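Reviewing the structure listed below.
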Amino acid sequence: FKINMDEMEVLGELGKGNYGSVQKVYHRPTGVMMAMKEIRLELDESKLNGIIMELDILHRAVAKEIVEFYGAFTIESCVYYCMEYMDAGSLDKLTGTGQVVKTAAGEEERDLLVPEPVLRRITAQIVRGLSFLKDELQIMHRDVKPTNVLINTKGEVKLCDFGVSGQLEKSLAKTNIGCQSYMAPERIKGESQNQVSTYTVSSDVWSVGLSIIEIAKGTYPYPPETFANVFAQLTAIVNGPAPTLPKGYSADAHDFVAKCLLKDPNKRPTYAQLLEHPFLKADKDADVDMAGWVASAMERQSQRSSVVPLQEVEV
Ligand code: ADP
């Protein structure tokens, strides 16, 4: 079936991305709550229709690790993309602290906000989702990062925002000015030499490693000095040592992340190998209270956002 704007009741904004906003909407004919993403593109009608056709493949991306796609339509120069509403939002919002607490020795000192079984389940869902996309749909994700991993209060973890439309990717690339790069070193090098297609599925494996560290730490893994300056950040990714998981996680977890972040893409494990890694194997029959963790993380998040930043307090 086809969906359109007239059937939607807009309930409020869920978030803003690089290209537009995401609204929570109620689809009256089906009674389904959806997330509707608006992507503003300066393209002519035939190109916009091409994008809608390319997005159609998403109807085949049905897996419990993938955010469900309900349909897309255009109005003027905007593409509206409707998907499953994930009521706990993206993982960056849930685990992000925005600050790192340091002791005198400069060591991070913080209880693990994401206990290992939870981190393991999140990682397993990401890797299973990516493996599904590759094996069943022959696509790579191209934009793995914590904002593209969504979670709900049932504790389900799912991927969204993967690259299915060549035309859409091409139109978005021009405006992509993110300040935190999840791109693998070989992709950064390739783009700086204008060879856009020099990367493969193992570049997504790098982004998985970086995302896992960010989810565990609550902050983007490269030091703040470097992410204020795009050039310094890209140089650190290409030439500097790869970041590591914080203390407190097992040797298996550390090893898993280190393998994802090998500089040589040919040495990084495949999805099949990652799923066989001791870190993820332990997830298979594990009984993890994901819903309980989501509830406590949402509680922490709401306490954080009710704290007034220091400089805004009037004296
Ligand atoms: P980005 O461009 O940074 O990937 P998006 O435009 O995809 O960001 O999304 C912006 C924000 O909207 C996300 O960080 C997330 O919090 C929220 N969001 C996106 N999709 C959904 C969804 N399906 N359900 C609930 N919230 C969502």
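Which distance in Å, rounded to a whole number, links the C-alpha centroids of region 201-267 and region 20-42?
One Cα centre to the other: 33 Å.
Extending each Cα 7 Å along its Cβ direction at Asn49 and Ile75, get the distance between those two points in nm, one decimal.
Between Asn49 and Ile75, the label points sit 2.1 nm apart.
If amide hydrogens are placed 1.01 Å from N in the peptide plane, which non-local residues have theirs closer than 5 Å to the one on Leu11?
The answer is Lys24, Val25, Tyr26.
Run the quick spin-label model on Lys263 and Asn229: label points 7 Å from Cα toward the beta carbon, then report their separation in nm to one decimal.
Between Lys263 and Asn229, the simple spin-label model gives 2.0 nm.
Tell me the angle of helix 116-137 to the major Cα principal axis of the chain, expressed in degrees between 0 and 90 and rounded to the nearest ten.
Rounded to the nearest ten degrees, it is 40.
Regarding the chain, what's the average projected area of the Cα-atom convex hull, expressed in nm²?
18.5
Once you've got the GNM for the chain with C-alpha springs shorter than 10 Å, pick whichever of Gln273, Gln125, Gln180 has the biggest mean-square fluctuation.
Gln273
For Cα pairs less than 8 Å apart in space and 6+ apart in sequence, what is the mean separation divided by the residue count of the chain, i.e. the relative contact order in percent?
Values: 488 pairs, mean separation 54.7, N = 315.
Rounded, it is 17 percent for the chain.
List the residues whose amide H sits under 5 Å from the amide H of Asn152, counting only those 5 or more places along or on another chain, with H placed 1.01 Å from N in the peptide plane.
Ala88
Given points 7 Å out from each Cα along the Cα-Cβ axis, report the Lys134 to Val32 separation in nanometres with one decimal.
2.9
Note the full-extension length gain between Leu11 and Ala286 as 0.36 nm times their separation in residues minus their Cα-Cα distance, in nm to one decimal.
95.3 nm
Could you work out the relative contact order of region 1-99? I mean the mean sequence separation of Cα pairs under 8 Å and 6+ apart, divided by the number of residues, in percent. Walk me through the intermediate numbers first.
Details: 151 pairs, mean separation 24.0, N = 99.
Reported as a whole number, the value is 24 percent.
Order these by the 10 Å Cβ neighbour count, fewest first: Glu38, Glu186.
Going from least to most buried by this count: Glu38, Glu186.
Neighbour counts of other C-beta atoms within 10 Å: give me Tyr81, Tyr70 arranged from fewest to most.
Lowest count first: Tyr70, Tyr81.
Along the charge dipole of region 254-301, which of Phe256, Gly292, Pro269 sits closest to the positive end, that is, farthest toward it, with unit charges on the beta carbon of Lys, Arg, Asp and Glu (+1, +1, -1, -1)?
Pro269
Ordered by residue, what ³J(HN,Hα) values in Hz, to whole numbers, does region 266-283 give under the Karplus form 6.51 cos²θ - 1.76 cosθ + 1.60, where θ = phi - 60° and Gly and Pro are x?
5, 8, 5, x, 7, 4, 4, 5, 4, 5, 8, 5, x, 4, 7, 4, 5, 6
At a Förster distance of 25 Å, what's the computed FRET efficiency of Asn239 paired with Thr200, Cβ-Cβ distance as r, to 0.05?
It comes out at approximately 0.70.
So what J values fall out for region 48-55 if you push phi through Karplus, 6.51 cos²θ - 1.76 cosθ + 1.60 with θ = phi - 60°, rounded to Hz, Gly and Pro as x?
Calculated HN-Hα couplings, in order: 4, 5, x, 4, 4, 5, 5, 5 Hz.
Each residue of region 23-35 in turn: what ³J(HN,Hα) in whole Hz from Karplus with 6.51, -1.76, 1.60 and θ = phi - 60°, glycine and Pro shown as x?
My calculation for region 23-35 gives 10, 7, 10, 10, 8, 4, x, 9, x, 9, 7, 10, 10 Hz in order.
Computed from the coordinates by the stated procedures, all read-outs in this text should not be read as laboratory data. Quantities reported herein were computed from a predicted structural model and do not represent experimental measurements. In this analysis, Cβ positions are derived from the backbone assuming ideal geometry, glycine residues included, and neighbour counts consider all displayed protein chains.
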